[in-house]
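Structure below; questions to follow.
The values are calculated or read from the model by the stated rules, or taken from the named source; none is laboratory data. What you see is a predicted model, and the numbers here were worked out from it, not measured in a lab. Neighbour counts are summed over all protein chains in view; Cβ atoms, including those assigned to glycine, are modelled from backbone coordinates with ideal geometry.
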Amino acid sequence: MLPEDTLLEIFDIYRLDTTVWSRDGYQWDWLRLAQVCRRWRDVISISPHRLDLWILCKSGASPIERILGFWSSIPLIVRFKAASPSLLALPDNIAVALRHGDRICEIDLGVTSSTARSIVEVIQKPLQALKCIRITIKDPTGLPLRIRSSFLGGSAPHVREIKLDGIAFPFLAIRQVLSSTNNLVQLQLSNIPNDVYFSPLDFVDALSTLIHLESLTIGFHSPASRPPQPQPPPSTMTGRPRTTKRTTTLSSLTLLDFHGASEYLEEFVSKIDLPSLHKITIKLFNQILFEIPHFCQFIPHVKALGSPTWVFITHSAESVNVIFVQEGKSSNENCFLGTSCRRLDWQLSFVTQLTTQLSPSILSSVRSLSIKKVLESDMPTGVEDVDSPQWLELFQPFRHVTQVHVWERRLVPGIVQALVSEAGVLPELDSLHLSGYRGSPSVVKDAEQLVSTRRLAGHAVRLIG
């Protein structure tokens with residue numbers, strides 16, 4: 001006897017009280033209400049958005065074709081992660097769900113290149129109900145899947161999240177979708193191959209309308225992120241003059257993740273202003289020498305950096321990372337800079353070039369420096385080839401550091417020898433943590449000499465092992 005509006009209010013309260021979190025996301029048991037009587041079922045079926053209704057379509061479940069036919073107005077969420085690289089076709093439930101493009105509100109797929117072809121046609125069509133699309137494609141060769149035509153029919157007005165990893169559309173196709181929505185919150189374009197390259201200026205222009213964008217990830221497949229090409233004429237595709245001095249402001253962006261060449265990063269940050277940025281992750285392709293003056297001007301304004309008090313240098317067999325942490329801030333508010341290289345001397349060179357190019361004011365607040373190996377990773381090669389001058393060059397910018405932590409035993413002898421050879425480096429050092437240094441008599445001798453030399457100079461250093 002209750003009117004529909006009253007029933008919806010009751011159902012909505014029930015939804016809020018019974019919503020639970022599972023690995024499939026937040027969900028509530030609306031089917032339980034729908035089974036009470038025909039009227040309740042009818043009220044629920046015509047109010048999918050008000051009641052946040054959706055049907056999860058995934059593999060391994062019972063056949064869903066009949067369910068989709070019965071609940072013809074309920075939005076669909078399509079999720080599938082391929083467990084086997086030998087899989088040649090999508091499971092039946094996923095294939096059936098993808099045929100209902102007008103109802104799909106979320107696509108979350110992790111597939112191999114062999115199964116990816118079956119989803120290409122779907123993601124080229126307009127999906128007007130779509131709010132989220134995440135596609136990761138793994139190929140045994142490591143090469144991205146290239147698609148030459150449109151993406152989402154060039155229009156996705158309700159989309160809030162786009163994540164494409166290992167699947168590459170022409171930039172014009174991506175740009176059309178970006179210009180069709182004012183709701184985008186997260187954008188991730190990873191593993192971009194060279195043949196769909198787009199310039200930093202064109203990318204910034206494409207981002208300029210995304211006033212609600214909070215998270216941006218852009219990553220290239222190889223170091224040749226700017227392949228050889230003739231100089232473009234001084235005009236855009238529309239014939240208007242190219243305004244190289246203009247800066248785009250994305251006031252909502254809080255997270256930036258970049259993987260590519262330093263030259264691309266330089267041009268990108270010179271054209272964009274990110275006043276709300278809280279976390280920044282930069283992974284550069286390995287270059288023997290690099291210059292990043294625009295980035296060094298950009299980074300002091302990043303809220304994630306603030307006045308860093310701790311710097312972590314982490315090594316692995318494949319890469320080195322420098323993490324700037326401000327005391328009292330969470331891991332979601334820091335600055336992460338790294339590069340891929342296998343030799344320790346190259347890794348130290350990257351860190352030295354980076355820190356010497358940064359403004360001294362950024363490092364002036366750093367009091368603690370940690371040097372460690374990434375957990376469950378091997379050390380880089382060439383540890384024995386690193387000499388004292390390389391360690392001294394690395395330490396030189398950290399003039400106000402009072403604590404140094406060396407967590408990797410293989411690095412302790414070289415670091416101690418370097419500090420003994422030059423008393424002027426790390427002039428404010430008062431605490432030196434050397435993991436396992438007492439296990440080597442020669443290292444103990446050098447460490448004690450360091451302490452004695454610093455004490456005679458009027459500055460005591462405490463050794464911790």
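Conditions (1) surrounded by fewer than 18 Cβ atoms within 10 Å (Cβ to Cβ); (2) more than 21 Å from D195 (Cα to Cα); (3) charged (D, E, K, R), marked per residue:
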site	(1), (2), (3)
L76	no, yes, no
K81	yes, yes, yes
E106	no, yes, yes
R134	yes, yes, yes
D139	yes, no, yes
A168	no, no, no
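Report yes if some residue within region 165-178 is within 23 Å of the chain's Cα centre (by Cα), in the same structural domain as I192 (by TED's automatic domain parsing) and under 17 Å from H212 (Cβ atoms); otherwise report no.
Within region 165-178, one or more residues are within 23 Å of the chain's Cα centre (by Cα), in the same structural domain as I192 (by TED's automatic domain parsing) and under 17 Å from H212 (Cβ atoms).
In region 78-112, how many are more than 19 Å from S155 (Cα to Cα), outside any helix (DSSP H, G or I) and among the β-branched types (V, I, T)?
3
What number of residues within region 362-398 satisfy the criterion of being under 16 Å from F312 (Cα atoms), polar (S, T, N, Q) and not in a loop (DSSP other than H, G, I, E, B)?
Residues flagged as under 16 Å from F312 (Cα atoms), polar (S, T, N, Q) and not in a loop (DSSP other than H, G, I, E, B) within region 362-398 amount to 2.
Condition check ((1) within 19 Å of S370 (Cβ to Cβ); (2) surrounded by 14 or more Cβ atoms within 10 Å (Cβ to Cβ); (3) not hydrophobic (A, V, I, L, M, F, W, C)) across all residues:
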residue	(1), (2), (3)
G424	no, no, yes
L429	yes, yes, no
H433	yes, yes, yes
G439	no, no, yes
V444	no, yes, no
A447	yes, yes, no
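If you don't mind, another one. Checking L90 against (1) under 20 Å from V177 (Cα atoms); (2) modelled with pLDDT under 90, which test does it fail?
(1)
Considering region 131-157 alone, what residues qualify as being in contact with a strand residue (DSSP E or B) (Cβ under 6 Å, 6 or more places away or on another chain) and either among the aliphatic types (A, V, I, L, M) or on the phi > 0 side of the Ramachandran plot (or both)? Show your work before the answer.
At the first step, the residues of region 131-157 found to be in contact with a strand residue (DSSP E or B) (Cβ under 6 Å, 6 or more places away or on another chain) are 131-138, 144-146.
Hits for region 131-157 are I133, I135, I137, L145.
Go through region 449-464 and give me each residue that's surrounded by 14 or more Cβ atoms within 10 Å (Cβ to Cβ) and aliphatic (A, V, I, L, M).
Correct list: L450, V451, V461, L463.
In region 403-450, how many are in contact (Cβ under 8 Å) with a residue 40 or more places away in the chain and more than 35 Å from the chain's Cα centre (by Cα)? Walk me through how you get there before you give the answer.
Start the filter on region 403-450 by keeping residues that are in contact (Cβ under 8 Å) with a residue 40 or more places away in the chain, which leaves 408, 411, 415.
From what is left, the residues that are more than 35 Å from the chain's Cα centre (by Cα) are none.
Count: 0.
Give the number of residues within region 325-349 that are within 16 Å of the chain's Cα centre (by Cα) and not in a loop (DSSP other than H, G, I, E, B).
Step one: list which residues in region 325-349 are within 16 Å of the chain's Cα centre (by Cα), which gives 331-340.
Filter again for not in a loop (DSSP other than H, G, I, E, B), leaving 335-340.
So the count comes out to 6.
For L56, state whether it is among the hydrophobic types (A, V, I, L, M, F, W, C), in contact with a strand residue (DSSP E or B) (Cβ under 6 Å, 6 or more places away or on another chain) and surrounded by fewer than 18 Cβ atoms within 10 Å (Cβ to Cβ).
Details: among the hydrophobic types (A, V, I, L, M, F, W, C): yes; in contact with a strand residue (DSSP E or B) (Cβ under 6 Å, 6 or more places away or on another chain): yes; surrounded by fewer than 18 Cβ atoms within 10 Å (Cβ to Cβ): yes.
In short, yes.
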